Amino acid sequence: MGLTGIQIFKLLPKTNCKECGVPTCLAFAMNLAAGKAELSACPYVSEDAKALLAEASAPPIRPLSIGTGENVVKIGGETVLFRHEKTFVNKPGLAILLSDQMPEAEVAGRLQRFKDLKYERVGLTLRPEMVAVKNDSNDPGKFEALVKRVKAETDAALILMTDHAGAMAAGVKACADRVPLIYAATAGNADAFVPLAQEAKCPLAVRADSLEALCQLTDKLTAAGLKDLVLDSGSRSLRRAFEEQTFIRRAALVQKNRSLGFPTITFPCEMTQDSMKEALIAATFVAKYAGIIVLSDFRGEVLFPLLVERLNIYTDPQRPMMMQQGIYPVGNPTEDSPVLITTNFSLTYFIVSGEIESSRVPSWLLVMDTEGLSVLTAWAAGKFVGDAIGGFIKKSGITEKVKHRRVIIPGAVAAVSGDLEEELGKDWEVKIGPREAAHITAFLKTGN
Ligand code: SF4
């Protein structure tokens, strides 16, 4: 169980020196208890107190990393049951399954899809990160060869899947520097898998047939000194697996159950043969509460919705998603193309740029920094008003890209046109665009 703020306070130096960034030791203790501060921020905690406080300040779900470099997958570290309470922290890794018994063409196709399926959205690159390599052949040599190939051909974070210690040792040896996830220690093989994970310093997945058995196994492994564990409760039906995901999250956060305080791995690929059902199952686990989701294959129509769902759920609801302020060409605009302006709330940008694209009228879209507020909200807050818009247009550099001096503003803020014209001067014409983004296509097509 975690300590309360008062219990933590009793272990602090009580000098109120402020070096931790808050005025008093009590305030620091309260922040620590609420998970809003790191123990390392106080340089004066005694070693004895540190040992006690480390337990209290440890995240209820252990954060860990799989893979290296830019494609490292961070999972765990969650502190809330519901996104609106605060935010979800580390998005689940999406993995494609490869077997060492698959035909060459199938392996090559899946690897190619892993590399090709990337999408740009809200200024981010959405892509899957993981490849799960499964030893179905029982041949350590074949398994090792496939692991080496995946490592050489991709930047994927790897999941090595076999119950056999010999094959796992060969797989780990082939890619230990990539920090793979070792899947999975069971009651039968844990004694052989523990030294593998310890020597290679790799996270270890743990699989059992019930939550009770899973707790016993994680207790055994943590007692052996392993900390980076990933849980597989063993269920392969949606209903049971979903219940167990929820139970594990609640147990870790609400009951402070350390035996279940680890991220989880789920296998929609083993729950159905139907790819659309598999996508729906995966979508369920994106929301609640998988750390890793293993899919049988990646296809655009399945992967893209999952990536967007993941993006939406794993953004901080307290911070609007924003675009960079600047000039965004839509199509291949020329010096005669129309100029439109909007705010930098990402959703607004994507709706407006999408409508411009649909019109097939190449245009310049000016995106103004309104701290992520949408058009009307920014206007009401005084951030998207005539003089501010005018100042931005003058500094944006758009006059070097077009020879006309005409700007189209959203119809919803038609009231600012007078102030804007005054700010821009008589060379400029301010045109009032449609109130609704849905009408931009028709507006541009008819020559605005
Ligand atoms: Fe207290 Fe430590 Fe913060 Fe100083 S740095 S105020 S001793 S908690």
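DSSP beta bridges fully contained in the range 326-446 are about 35 percent antiparallel. Just so you know, the averaged projected area of the alpha carbon convex hull for the range 388-443 sits at 4.0 nm². Among beta bridges identified by DSSP and lying wholly in the chain, the antiparallel ones come to about 25 percent. For the range 225-235, putting each phi into the Karplus relation 6.51 cos²θ - 1.76 cosθ + 1.60 with θ = phi - 60° gives couplings of x, 7, 10, 8, 10, 10, 9, 10, 7, x, 6 Hz, in residue order, rounded to whole numbers and with x for Gly and Pro. Indicate the gyration tensor shape class of the chain (rounded, prolate or oblate), computed on the Cα atoms with a ≥ b ≥ c the square roots of the eigenvalues: a/c under 1.5 is rounded; otherwise a/b larger than b/c is prolate and the rest oblate. Cα axes put the chain in the oblate bin.
Taking a ≥ b ≥ c as the square roots of the eigenvalues of the Cα gyration tensor, an a/c ratio of 1.5 or more together with a/b larger than b/c marks the range 225-374 as prolate. By the helix-only formula, in which each DSSP H run with n ≥ 4 contributes -39500 (n - 2.57) and the sum is divided by residues, the chain has a 222 nm mean residue ellipticity of -12000 deg cm²/dmol. Share of carbon and sulfur in the accessible area of the range 1-100 stands at 56%, probe radius 1.4 Å.
In plain terms, the chain from HIS439 to VAL80 could stretch by 125.2 nm, reckoned as 0.36 nm per residue minus the Cα-Cα distance.
Give me the percent relative contact order of the chain, please, defined on Cα pairs under 8 angstrom at least 6 residues apart. Once divided by the residue count of the chain, the mean separation gives 11 percent. Taking H placed 1.01 Å from N in the peptide plane, check which residues at least 5 places from ILE96 or on another chain put their amide H under 5 Å from its amide H. Excluding prolines and chain starts, which carry no amide H, the hits are MET130, VAL131, ALA132, LEU295. Basic side chains Lys and Arg get +1 at the Cβ, acidic Asp and Glu get -1 at the Cβ, and with that the dipole of the range 326-446 about its Cα centre reaches some 240 debye. Length gained on full extension, HIS404 to SER237: 53.9 nm, using 0.36 nm per residue less the C-alpha separation.
Can you flag which of LYS74/LYS115; LYS74/LYS134; LYS115/LYS201 are past 25 Å Cα-Cα?
The answer is LYS115/LYS201.
Cross-link partners for LYS426 among the lysines, with Cα-Cα distance under 16 Å and sequence neighbours closer than 8 places in the same chain left out: LYS394, LYS403.
Treating the beta-carbon of each Lys and Arg as +1 and of each Asp and Glu as -1, no other charges, what is the dipole magnitude of the chain about its Cα centre, to the nearest 20 debye?
Rounded to the nearest 20 debye, it is 500 debye.
Using C-alpha pairs below 8 Å separated by at least 6 residues, the relative contact order for the range 272-422 is 22 percent.
3J(HN,Hα) couplings calculated from phi for the range 436-442 with the Karplus curve 6.51 cos²θ - 1.76 cosθ + 1.60 (θ = phi - 60°) are, in sequence order, 9, 4, 4, 9, 5, 4, 4 Hz; Gly and Pro show x.
Modelled label positions at MET276 and TYR119, each set 7 Å beyond Cα in the direction of Cβ, lie 1.8 nm from each other.
For the range 249-335, chymotrypsin sites (Phe, Trp or Tyr not before Pro) are listed when DSSP marks them as loop and at most 16 other Cβ atoms sit within 10 Å of their Cβ; the list is TYR314. Charging the Cβ of each Asp and Glu at -1 and of each Lys and Arg at +1, and nothing else, the dipole of the range 364-409 about its Cα centre rounds to 300 debye. For the range 165-275, with all protein chains in place and a probe radius of 1.4 Å, 51% of the accessible heavy-atom surface sits on carbon or sulfur. Using a cutoff of 8 angstrom between alpha carbon atoms and counting only pairs six or more residues apart, the relative contact order for the range 1-107 works out to 17 percent.
Based on the reciprocal of the average 1/r between different C-alpha atoms, the Kirkwood radius for the range 326-446 equals 14.0 Å.
Computed from the Cβ-Cβ distance with R0 of 60 Å, the FRET efficiency linking ALA187 to LYS426 stands at 0.15.
Averaged per residue, the chain has 47 square angstrom of accessible surface, using a 1.4 angstrom probe with ligands and nucleic acids left out. Straight-line reach from LYS10: taking Cα to Cα under 21 Å and skipping same-chain neighbours fewer than 8 places apart, the lysines in range are LYS18, LYS36, LYS50.
Build a GNM of the chain with springs between Cα atoms under 10 Å apart, and of PHE28, PHE262, PHE345 the one that fluctuates most is PHE28.
Please say if the range 5-57 is rounded, prolate or oblate, where rounded means a/c under 1.5 for a ≥ b ≥ c the square roots of the C-alpha gyration tensor eigenvalues, and otherwise the choice is prolate for a/b larger than b/c and oblate otherwise? Rounded shape, in that the Cα axes give a/c under 1.5.
The share of Cα pairs per 5 Å bin across the range 121-227, counted from zero up to the longest distance, runs 2, 13, 23, 21, 16, 11, 7, 4, 2, 0 percent.
Shape summary: the range 212-292 maps onto an equivalent ellipsoid whose semi-axes, from the alpha-carbon gyration tensor, are 25, 13, 10 Å in decreasing order.
The values are calculated or read from the model by the stated rules, or taken from the named source; none is laboratory data. Bear in mind the structure is a predicted one, so any value in this text is a computation, not a measurement. Glycine gets a Cβ as well: all are built from the backbone with ideal geometry, and neighbour counts include every protein chain shown. Surface areas here come from the heavy atoms of the whole protein model, side chains and all, with no ligands, DNA or RNA. Shrake-Rupley method; radii C 1.70, N 1.55, O 1.52, S 1.80 Å.
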